[in-house]
Amino acid sequence: MLLLTEKRFDVIVSLINMNGSFQVFFTSLGGLALFLYGMKALSSGMQKIAGKKLKDILAALTKNRLIGVAVGAGITGIIQSSAVTTVMAVGFVNAGLMTLKKGVSIILGANIGTTITAQLIAFDISQYALLLVGVGGLIHLFSARKNWQWIGYSIFGFGILFFGLDIMTDTFNFLRTDPAFEQLFIWFARNPFLAVLGGCVLTCILQSSSATVGITQALATVGVIDFVTAVPLVFGENIGSTIVAQLASIGTARNARRLAWAHTMFNVLGTAIFMAVFFIPHSVDYLPAGQTVPVYLWLVDKVTPGRVFLAGGGANISRHIANAHTFFNVLNVLIFLPLINVLVRLVTWMIPGKDADLIESAPRYIDKRIANIPSIALNQAEKELLNMMSISRGTVKLAMRGFFDKTKHDPERVQAMEKAVDDLQAEVIEFLVSLESATLSHNEAVHLNCLLHLVNDVEKISDYALNIVFLIEDSLTNGIKYSARAVDELRIMSGDVDRECELSVQAFAQNSFRLAQEALQLEGRIDQEKDDLRRNHLERLKAKKCNLNAAAIFNDIVNNLERISDHAVKFAKWQENPYLYQ
């Protein structure tokens, strides 16, 4: 067996030695794999270092389009991955945590941030690649602190990236004399639109414009392609990078799909503008009279050290390509930034229909600047609490809607709504605690204590709604079906719970003792319904009209609904007795 294996290996080696192109292919493939792995390791390490804060920044710091562009560029530059920023933006828009306009500004910024990778690659530090691999690997392996481990992993990835790039660059030297490659790039040089298409297709395959721009830089460095051919390839690679957003938006809400198309249209229209400019000729002072180059390339060459149009590719071509990439995206953003509303209208026309309402996780009413006026501050906090309750009530209704109609099961939106309630809870509690240092009257102190307790009850309601979503997810995954009687019983109970939420909040907001009494009576009925539903389902289980899994999930949903009722009725109880927890 071993002898046969050795013979087979010898045959493969002899075949490779018979044709150097096989060797080139395998070496290039290995270099590409190392390059992509290094890029992924660098991105993963930077994401771990930055942690969850990046998502919070992305969700919070988008008050206007300029800040959105800056945040998108900054985050992409830090984590070295426009794909991650784009997917996060699509996710936020899909969940309703971010408007479409804000999402577009983030995408515009990500296009600028992604050019940093090409700028780093343009630094010729491949001779230090293995040093970076060694230093980064040792830090990652032997550091006790997590942050240092991820710093080491990022350095390791950076080194692997340049090591793979160096392998590819050395291997690409062979391609300069390869007739097939020579003919391919002659076609690209004669027809830049073919180069755009080629760059687009390659990036769609690799799903990383940073990787394909790096490959373009490597090909140009060894003279396989010239600057005039490289830049249209980069334009196409920018278009191809939008495939990530398109894939991330599959099966999402309309606004998320619109955002993906806004990303695509931004790069397509930008490329169309630059390709029109590409055919405007301009003379270069160091070339013979009458010889011209595209005006955009002349501009890049003018501000970049080295003469790139000289025979043999000129000097510093990798930096020229990096700058062409950066200038393209920066100028593109400057063109489209004032036109965001037009772009939004275009993609809304392309994907018509009404989307789900935005979930505002930022406070609407509380204002820390008037915390020193307790009467107004408490009134604001109460309004914010009612806003929270509106979102929590919505999570319950949406969760149960998925039970009655599986096509409306939307766990991502329920999770986003629950996260918004958590964020608001933290804001309201911080605001209320800041009031405790102010001079409060007795009634104001009672009011503050009431709000502090109720804000936690509201948060618990959204938690139980999320529990219900997870239970429904289990039931759908396992193909569990319920009898028509069980569904009708749950429909009645969930309707009563929603009505009780409404009555309790109205009693609190309107200071109505009558509504509080109605809510308390309804809460007693819901307690009885819980017992009746559990008993009825146990009888169905004994009669073998349902299985054990169905019974367990059904009872858990009933229990969660009853607990939601218990927390919602606290609004009515506070109205009846403000000193309940004194």
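Checking Ile480, Ile468 one by one, the residue that is over 24 Å from Arg393 (Cβ atoms) and either surrounded by 15 or more Cβ atoms within 10 Å (Cβ to Cβ) or not assigned by TED's automatic domain parsing to the domain that holds Glu412 (or both) is Ile480 and no other.
Take Phe278 and decide whether it is assigned by TED's automatic domain parsing to the domain that holds Gly109, in contact with a strand residue (DSSP E or B) (Cβ under 6 Å, 6 or more places away or on another chain) and either within 26 Å of Val104 (Cβ to Cβ) or in contact (Cβ under 8 Å) with a residue 40 or more places away in the chain (or both). Criteria met by Phe278. Give all pairs with beta carbons closer than 9 Å in which a residue from segment 384-409 that is under 25 Å from Val487 (Cα atoms) meets a residue that is among the hydroxyl-bearing types (Ser, Thr, Tyr) and surrounded by fewer than 15 Cβ atoms within 10 Å (Cβ to Cβ); count only pairs at least 6 apart in sequence or on separate chains. Close Cβ pairs satisfying both conditions: none exist.
A quick yes/no check of all residues on (1) modelled with pLDDT under 85; (2) more than 30 Å from Pro374 (Cα to Cα):
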{"residue": "Glu436", "(1), (2)": "yes, no"}
{"residue": "Leu440", "(1), (2)": "yes, no"}
{"residue": "Leu451", "(1), (2)": "no, no"}
{"residue": "Tyr464", "(1), (2)": "no, yes"}
{"residue": "Val469", "(1), (2)": "no, yes"}
{"residue": "Lys481", "(1), (2)": "yes, yes"}
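As a summary of the residue check, Ile121 satisfies the conditions (1) hydrophobic (A, V, I, L, M, F, W, C); (2) under 30 Å from Ala89 (Cβ atoms); (3) modelled with pLDDT under 85; (4) surrounded by fewer than 24 Cβ atoms within 10 Å (Cβ to Cβ) except for the one numbered (4).
Residue count for segment 463-494 under the criterion of being in contact with a Leu (Cβ under 9 Å, 6 or more places away or on another chain), among the hydroxyl-bearing types (Ser, Thr, Tyr) and assigned to a helix (DSSP H, G or I): the result is 2.
On the given criteria, is Phe508 within 30 Å of Glu412 (Cα to Cα), part of a helix (DSSP H, G or I), in the same structural domain as Lys397 (by TED's automatic domain parsing) and among the aromatic types (Phe, Trp, Tyr)? For Phe508, the condition - within 30 Å of Glu412 (Cα to Cα), part of a helix (DSSP H, G or I), in the same structural domain as Lys397 (by TED's automatic domain parsing) and among the aromatic types (Phe, Trp, Tyr) - is not met. Please work out which residue is surrounded by the fewest Cβ atoms within 10 Å (Cβ to Cβ), limiting yourself to segment 483-530 and to residues that are over 22 Å from Arg401 (Cβ atoms) and among the aliphatic types (A, V, I, L, M). My answer is Ala509. Within segment 316-328, residues that are farther than 17 Å from Leu269 by Cα have Cβ atoms under 6 Å from residues that are of a type in the set (Ser, Thr, Tyr) in these pairs: Ser318/Thr221; Arg319/Thr304; His320/Thr304; Asn323/Thr304, counting only partners at least 6 apart in sequence or on another chain.
Let's see how each residue does on (1) β-branched (Val, Ile, Thr); (2) modelled with pLDDT of 80 or more; (3) assigned by TED's automatic domain parsing to the domain that holds Thr115; (4) closer than 17 Å to Ala272 by Cα:
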{"residue": "Phe193", "(1), (2), (3), (4)": "no, yes, yes, yes"}
{"residue": "Leu197", "(1), (2), (3), (4)": "no, yes, yes, yes"}
{"residue": "Leu206", "(1), (2), (3), (4)": "no, no, yes, no"}
{"residue": "Ile215", "(1), (2), (3), (4)": "yes, yes, yes, no"}
{"residue": "Val222", "(1), (2), (3), (4)": "yes, no, yes, no"}
{"residue": "Ile239", "(1), (2), (3), (4)": "yes, yes, yes, yes"}
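Ala445 meets the stated requirement of being without any contact (Cβ under 8 Å) to a residue 24 or more places away in the chain and assigned to a helix (DSSP H, G or I). Every listed requirement among (1) closer than 22 Å to Ala572 by Cβ; (2) surrounded by 18 or more Cβ atoms within 10 Å (Cβ to Cβ); (3) over 28 Å from the mean Cα position of the chain (by Cα) is met by Asn456 save one, (2).
Selection over segment 332-351 of residues that are in a helix (DSSP H, G or I) and touching a residue at least 60 places away in the same chain (Cβ under 8 Å) gives a count of 13.
Could you go through segment 263-280 and let me know if any residue there is surrounded by fewer than 21 Cβ atoms within 10 Å (Cβ to Cβ), at pLDDT 80 or above and small (Gly, Ala, Ser). Looking for residues that are surrounded by fewer than 21 Cβ atoms within 10 Å (Cβ to Cβ), at pLDDT 80 or above and small (Gly, Ala, Ser), one finds at least one in segment 263-280, hence yes.
Do the conditions hold for Ala230, that is, is it closer than 22 Å to Trp349 by Cα and either among the hydrophobic types (A, V, I, L, M, F, W, C) or not assigned by TED's automatic domain parsing to the domain that holds Met88 (or both)? It would help to see each step written out before you state the result.
On the way: closer than 22 Å to Trp349 by Cα: no; either among the hydrophobic types (A, V, I, L, M, F, W, C) or not assigned by TED's automatic domain parsing to the domain that holds Met88 (or both): yes.
Against the criterion (closer than 22 Å to Trp349 by Cα and either among the hydrophobic types (A, V, I, L, M, F, W, C) or not assigned by TED's automatic domain parsing to the domain that holds Met88 (or both)), Ala230 does not qualify.
The values are calculated or read from the model by the stated rules, or taken from the named source; none is laboratory data. Note that the structure is a prediction, hence the values are computed from the model and not measured. Cβ coordinates were reconstructed from backbone atoms using ideal geometry, including for glycine residues, and neighbour counts include every protein chain displayed.
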